[in-house]
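Worksheet for the structure shown next.
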Amino acid sequence: MSVKKNEIYTVEIIDNGYNGEGIAKIEGFTIFIPNAIKGEKIKIIIVKVLTSHAFGKILEIIETSEYRKESDCTTYKRCGGCSLRHIEYKETLKMKQNAVQSLVNKTLKNKIVVQETLGMENPLNYRNKAQYPIGINKDGKPVMGVFANRTHEIIPINECCIQDKQAEKVAKFIFDFIVKNNISIYDENTGKGLIRHIVTKIGKKTNEIMCVIVINGIKIPKEKELVEAITTKFNNVKTIVKNINMKNTNVILGKENINLYGDGYITDKLGEYTFKISPLSFYQVNPVQAEKLYNIGVEGANITKDDVVFDLYCGIGTISLFMAKYAKKVYGIEIVEEAIEAAKENADTNRVENVEFIAGDVELVLDDLINKKSVTPDIVMVDPPRKGLDSKSVENILKIMPKRLVYISCNPATLVRDLAKLEERFTVDFIKPVDMFPFTRTRRVCCSARTKIIHIGKLKRTKNSSFLYSTNTSSKSQHYPLA
């Protein structure tokens with residue numbers, strides 16, 4: 001192997017990878033270089049060598065890409081969140097489209113052309129949720145900010161370009177109160193100290209703010225004074241919650257919440273629907289793009305008033321409600337009971353009656369609905385976790401054979417893997433990336449991002465297909481046991 005650690009090379013960047021990193025070749029050996037852009041000529045130093053590839057660090061940019069720009073953030077390189085902040089926004093959309101297209105070309109028999117990435121008109125300050133770790137720096141002083149990339153060192157940030165400005169001001173105000181009043185701060189090395197995190201959530205359309213103060217204890221000193229100070233300064237703070245987390249863990253929130261002010265939740269609107277947001281509930285951190293994504297899914301599903309829809313991995317029922325407006329009945333299935341309770345409450349709040357939310361394992365609930373209750377879906381909607389669909393879920397979809405399949409994914413790699421298993425029975429109409437996290441990598445990590453993908457599949461019937469039901473109304477449905 002000719003490539004060695006600490007050696008310096010001059011290379012040309014021939015492509016950008018899935019995470020936005022530059023890709024170069026040295027005598028056919030692949031080198032990944034963060035912050036490099038396709039078309040650039042750069043001088044690098046090799047920092048790590050593995051058997052199949054190596055990693056380099058930029059020393060000098062000899063020929064600069066026309067798409068490189070000066071970053072508007074002084075800490076993005078250390079933070080690791082906005083790893084594409086040095087690239088013109090329109091070019092990042094093309095990069096994300098190309099990354100998905102590359103996966104399609106490598107995996108699918110049908111080399112469908114991936115549509116252009118749907119971006120934001122204003123890709124700034126779009127996040128409605130911020131999680132700020134609190135700690136002690138090397139000089140022994142309190143610090144609030146974000147963790148440095150792949151470390152637990154806290155980088156203080158004066159202004160984050162993707163966080164909501166109002167919510168950011170509230171978090172800083174709380175931190176200043178903590179410092180001014182000498183309230184102890186958690187040290188993860190010793191497990192001692194009180195304040196661990198400050199979490200803020202804001203309704204982008206309602207402007208309501210929630211403050212969550214995560215503590216390693218039971219009570220915050222000067223608790224009443226803190227609440228009064230926050231609510232006096234910010235009249236749109238609707239609730240303040242004390243979250244108890246006394247475990248030695250990297251998980252930010254504990255399970256116990258105590259309301260210090262308000263009802264413990266805020267509301268926001270997504271489309272025409274109102275959703276309650278609690279400290280533990282999941283809600284899309286970019287609701288502007290989430291609304292666009294759901295509308296694409298609903299339109300692509302082509303739902304009619306005669307259709308029964310199964311929404312698998314439904315979460316708190318956001319897209320279930322979007323689909324219910326056009327469907328005869330929607331069944332939302334989710335294994336997390338707390339999410340199902342929230343989904344039922346959201347349906348009641350919005351007076352949507354043609355939805356039914358069921359808590360349980362998708363496989364078991366499908367078996368009960370189809371084989372015991374004789375409920376068969378015309379349309380199946382899936383929004384699985386990053387690991388994608390498990391093999392039994394794929395088998396079940398193939399046996400159900402709905403008219404249409406809508407697949408929303410936060411991981412294009414597992415999306416195309418699953419489509420490869422389904423494409424013998426389904427014809428892919430389109431694949432469209434939606435930029436949920438501008439200037440970030442296409443993966444779901446803290447203060448980073450992911451690129452959401454919407455896939456619509458149209459039923460392709462074959463002679464040897466196994467159906468759970470027949471669309472011929474003159475014949476009886478033929479049921480097969482689920483996997």
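Quick look at the numbers
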quantity: Flag if G145 is part of a strand (DSSP E or B), within 26 Å of R85 (Cα to Cα) and at pLDDT below 95; calculated: yes
quantity: Residue tally, condition under 23 Å from Y89 (Cα atoms) and either open to solvent by less than 80 Å² (accessible area, probe 1.4 Å) or not β-branched (V, I, T) (or both), over the stretch 100-123; calculated: 14
quantity: Subset of the stretch 53-101 (residues that are within 28 Å of I431 (Cα to Cα) and aromatic (F, W, Y)); calculated: Y67, Y89
quantity: Where K204 falls short, out of the listed (1) under 20 Å from M246 (Cα atoms); (2) open to solvent by 60 Å² or more (accessible area, probe 1.4 Å); calculated: (1)
quantity: Candidate set: the stretch 219-254, residues that are under 20 Å from N189 (Cα atoms) and open to solvent by 100 Å² or more (accessible area, probe 1.4 Å); chosen: the one modelled with the lowest pLDDT; calculated: N250
quantity: So C160, is it touching a Lys or Arg at 6+ places or on another chain (Cβ under 9 Å), modelled with pLDDT under 95 and crowded, with 20+ Cβ neighbours inside 10 Å; calculated: yes
quantity: Breaking point among (1) in contact (Cβ under 8 Å) with a residue 24 or more places away in the chain; (2) of a type in the set (V, I, T); (3) under 21 Å from I296 (Cα atoms); (4) open to solvent by 20 Å² or more (accessible area, probe 1.4 Å), for T64; calculated: (3)
quantity: Residue in the stretch 256-267 that is touching a residue at least 12 places away in the same chain (Cβ under 8 Å) and in contact with a Phe, Trp or Tyr (Cβ under 8 Å, 6 or more places away or on another chain) present; calculated: yes
quantity: Of all residues making up the stretch 168-219, the number that are closer than 24 Å to K129 by Cα and outside any loop (DSSP other than H, G, I, E, B); calculated: 29
quantity: Pairs where the first residue, in the stretch 180-194, is surrounded by fewer than 18 Cβ atoms within 10 Å (Cβ to Cβ) and the second is assigned to a loop (DSSP other than H, G, I, E, B), C-beta under 6 Å, 6+ apart; calculated: N181/K222; S184/G193; S184/L194; D187/G193; G191/N248
quantity: S466 vs. criteria small (G, A, S), open to solvent by 10 Å² or more (accessible area, probe 1.4 Å), at pLDDT below 50 and over 19 Å from the mean Cα position of the chain (by Cα); calculated: yes
quantity: Test: residue in the stretch 407-430 that is over 28 Å from E345 (Cβ atoms), open to solvent by 10 Å² or more (accessible area, probe 1.4 Å), aliphatic (A, V, I, L, M) and part of a loop (DSSP other than H, G, I, E, B); calculated: no
quantity: In the stretch 52-61, the residues that are under 32 Å from the mean Cα position of the chain (by Cα) and open to solvent by 80 Å² or more (accessible area, probe 1.4 Å); calculated: K57
quantity: Residues (part of a helix (DSSP H, G or I) and of a type in the set (F, W, Y)) located in the stretch 81-134; calculated: Y89
quantity: Subset of the stretch 374-396 (residues that are of a type in the set (S, T, Y), under 14 Å from K329 (Cβ atoms) and surrounded by 15 or more Cβ atoms within 10 Å (Cβ to Cβ)); calculated: T376
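The values are calculated or read from the model by the stated rules, or taken from the named source; none is laboratory data. These numbers come from a predicted model, not from an experiment. We place every Cβ from the backbone using ideal geometry, glycine too, and count neighbours over all the protein chains shown. These area figures cover heavy atoms from the full protein model, side chains too; ligands, DNA and RNA do not enter into them. Shrake-Rupley method; radii C 1.70, N 1.55, O 1.52, S 1.80 Å.
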